[in-house]
1. Is one or more of the residues making up region 328-344 among the small types (Gly, Ala, Ser), under 19 Å from Asn85 (Cα atoms) and at pLDDT below 90?
2. Out of Tyr129, Tyr121, which single residue is of a type in the set (Phe, Trp, Tyr), part of a helix (DSSP H, G or I) and in contact (Cβ under 8 Å) with a residue 12 or more places away in the chain?
3. Which of (1) buried (at least 17 other Cβ atoms within 10 Å of the Cβ); (2) in a loop (DSSP other than H, G, I, E, B); (3) modelled with pLDDT of 50 or more does Glu310 not meet, given it meets every other one?
4. What residue, of Glu267, Glu279, Glu275, is open to solvent by 30 Å² or more (accessible area, probe 1.4 Å), touching a helix residue (DSSP H, G or I) at 6+ places or on another chain (Cβ under 8 Å) and modelled with pLDDT of 95 or more?
5. Can you pull out every residue in region 220-234 that is under 32 Å from the mean Cα position of the chain (by Cα), over 19 Å from Leu189 (Cα atoms) and outside any strand (DSSP E or B)?
6. Considering only residues that are loosely packed, with under 10 Cβ neighbours inside 10 Å and in contact (Cβ under 8 Å) with a residue 60 or more places away in the chain, which ones fall in region 4-40?
Amino acid sequence: DLEQRNGRIIRQGNVLFEDDPENFSVEIDYYATKQTYDARMWQTIEYKAAAIEQFRKGDLLQRVIDDVQSEAATAAEMKAAASGNPLILYQVQIASELRKLEALASQHQRTQHRLKDRLKYLQGGAQRYAEAKTIHDANVRLRDANTRHVMEKGEKRIQLVLEVDGRHLDGESNKKEIQQRFLMQIQGLKATNLGEELPVGKYRGFDITVMQRNSTTPQFQFSLKGAVGSAMYPENLRYVYGDTFSLNGFFQRVDNILDKGLQQRIESAKQHLEEENKEIITVETNLAKPFGQQQALELARENHAGVMAELKRMQDDKGYESTWSPRTLEVMTPTPKPDMPPGGCGMAYSSPTMMM
């Protein structure tokens, strides 16, 4: 009902706005009568609006909507105003502020936990690099011990020799057989499950395998298995079914990976370690930071406990008149408007301002 009513004022095609866009404004007033069923009606609207706005806002960090411009906040304050008890208004406002600060405090705490986990991971960077260096050195030794060279036109080049089932197939004299070996294993992928690898052969000490890839476009991926259980799945050894497969081009890519790629990988690991070491300083600095609004949170808790105690005392003692007010809070209370309804029992209400 509130959305529909306001929508008749705030809408496209308003001729008054079109006549004077710069000076056009709209005032929306809410009316209620003290100590009547109006308080219960506004409470119902508050509950419904809060649930709707929580879904609409989609904020995962907060479970309570306390936007002062929202219908839920307006409904809560109107409920308090219609009750005729200013302490209820205090309670609504303080509870809203308290929920907001507690949500921020919880977020800060979660961030601190994430930073602790991140710091623990970062502190293991040196060990991860040492392990990567061990694998790198072992792969270099494996590569160098199994690389054959031939002289061609006065220059030394790497000889293409593929080991299959204990046989060494030379790229010059056995090129057709090597080609058939690759095509046979690629065709054999059709009978395998995703991720299942078929052996192709051994080249320069590294096992070459091929497997199907899970992709929208049917693909197959070659991998290189080296020392210490290491495995590489280079992007440039990924093919789409139907592509032209060049044997010379494939081994040229493998040579680049084994000669330049291995060095690039360890250099990248070293650079990553340096970046992680720099990040450790940043993480440690942020871990040392306390919650910036802790004082405001403690004050909100104190004020909320105070107002709840006053409300309880008023409930127990019908003659008790409270003079309590929030500590260090400046509150603007509801004031009567000149255009109030006839009868003198209504009150116009605008949202109060609360400041720490």
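The values are calculated or read from the model by the stated rules, or taken from the named source; none is laboratory data. This structure is a prediction, so every number in the text was calculated from the model and none was measured. Cβ placement follows ideal geometry from the backbone for every residue including glycine, while neighbour counts extend to all protein chains displayed. Accessible surface is based on the protein model in full, side chains and every heavy atom, while ligands, DNA and RNA are left aside. Shrake-Rupley method; radii C 1.70, N 1.55, O 1.52, S 1.80 Å.
1. Yes, region 328-344 contains a residue that is among the small types (Gly, Ala, Ser), under 19 Å from Asn85 (Cα atoms) and at pLDDT below 90.
2. Tyr129
3. (2)
4. None of the other options fit; the residue is Glu279.
5. Passing the criteria: only Ser230.
6. Answer for region 4-40, where residues must be loosely packed, with under 10 Cβ neighbours inside 10 Å and in contact (Cβ under 8 Å) with a residue 60 or more places away in the chain: there is none.
Residue by residue, here is whether (1) farther than 17 Å from Ser223 by Cα; (2) open to solvent by 40 Å² or more (accessible area, probe 1.4 Å); (3) not hydrophobic (A, V, I, L, M, F, W, C); (4) not in a helix (DSSP H, G or I) holds:
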{"site": "Met151", "(1), (2), (3), (4)": "yes, yes, no, yes"}
{"site": "Glu163", "(1), (2), (3), (4)": "no, yes, yes, yes"}
{"site": "Lys176", "(1), (2), (3), (4)": "yes, yes, yes, no"}
{"site": "Ile186", "(1), (2), (3), (4)": "no, no, no, no"}
